[in-house]
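Written below as structure tokens is the structure these notes are about.
The values are calculated or read from the model by the stated rules, or taken from the named source; none is laboratory data. Quick caveat, the model's predicted, so the values are computed rather than measured. Positions of Cβ are backbone-derived with ideal geometry, glycine not excepted, and every protein chain shown enters the neighbour counts.
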Amino acid sequence: MGASFCIDLVSPHSHGAKIIYTVVIGLPTVLFLAFLGWRLLPSIRKLQRSQSHIMTTYYGFLWGVSLLNLMRCIALVAQDLQPSGDEYLPPLLLNHLWLLTRFGLVMLEVSVVVFLLQGYLTSGREALIRTLWISGAYAAFETLVASMYIFVAHVPLFLYGGSPEAPENDLHWSKWGFWLAHTVLFLMVYALILILPNTKWRDRLPAKPSFYRYILVLFGLNVLAGLGSILLGSVVVGGYCVYGLATFLYYAIYPPLLYLTFLSEFFGSNEELDMDLMYYSEMKEAGYFEEDDYDY
């Protein structure tokens, strides 16, 4: 009974439970997209006024990743509603949607760390370009490895590969070792960031408490996912409960967490102050504040 319950947290097997499960895991994404849509016009106006390449890039990525995750949930519902005779195409489609969604999420995670670790030694545009190259390369590498697991080695990284009666068909290190390696790597990076404030390199990171709350949340989620991977690789079926919870929380809260930590203050800043800064910038470019204009 317990084993079946834990497996259902990752991949329900009864028809009705599948649809309810998909709606539940997709609801946070729908709510976040509704929030982004509600704030769309003011956000676009703010981005146009500020001409911030950094904020525009992250805002666009949040839309892209959230839409991909929504498409994945819709594909899950379509799979549940299809006739039982046609089963090959939906899993293939689901794997591609999983890969694209993971690519976007991993790129966002890595880009935040890479961008902030560059400090203030380069301009925003230079740092952004370098960040996108590094994070994109890493996300592409991980996606390539995952694709080889799925389509060459036929290891179901994203889909449950067993049955409630025989869960051991899915409990092997060839699958869960991949996820353990991913979580250990990210745990090491986040642990290093949490240690940096106590070292001589503390000035390279933001002093805002919200940034460290962001790191702590991701550190905790990776601990949970890593523990689940170890349990499942060790053929402990209860690990599905741990891993299922970690996966749900990650997909549910990561995009809103990123928005709250790095974008909410930008989009919520005072409109009059924005106009004052814009006028000041224009007057400065026109030479009104050049000291050489005054001849004493």
Response to the item:
Residue hits (the range 35-51; surrounded by 13 or more Cβ atoms within 10 Å (Cβ to Cβ) and either touching a Phe, Trp or Tyr at 6+ places or on another chain (Cβ under 7 Å) or not in a helix (DSSP H, G or I) (or both)) are Leu36, Arg39, Ser43, Lys46, Leu47
Fill in: Within the range 158-172, considering residues that are surrounded by fewer than 17 Cβ atoms within 10 Å (Cβ to Cβ) and of a type in the set (A, V, I, L, M), the one modelled with the highest pLDDT
Leu159
Fill in: Verdict on Phe186 being modelled with pLDDT of 90 or more, surrounded by 16 or more Cβ atoms within 10 Å (Cβ to Cβ), hydrophobic (A, V, I, L, M, F, W, C) and closer than 24 Å to Gly238 by Cα
yes
Item to complete: Return the residue satisfying two criteria in turn: it lies in the range 44-73 and is among the polar types (S, T, N, Q) and farther than 25 Å from Tyr250 by Cα, and of such residues it is modelled with the highest pLDDT.
Response: Gln48
Practice prompt. Would you check if there is a residue in the range 3-17 being β-branched (Val, Ile, Thr), closer than 27 Å to Thr247 by Cα and at pLDDT below 85?
Written response: yes
Item to complete: Considering every residue within the range 262-271, establish whether at least one is part of a helix (DSSP H, G or I), modelled with pLDDT under 70 and exposed (fewer than 15 other Cβ atoms within 10 Å of the Cβ).
Response: yes
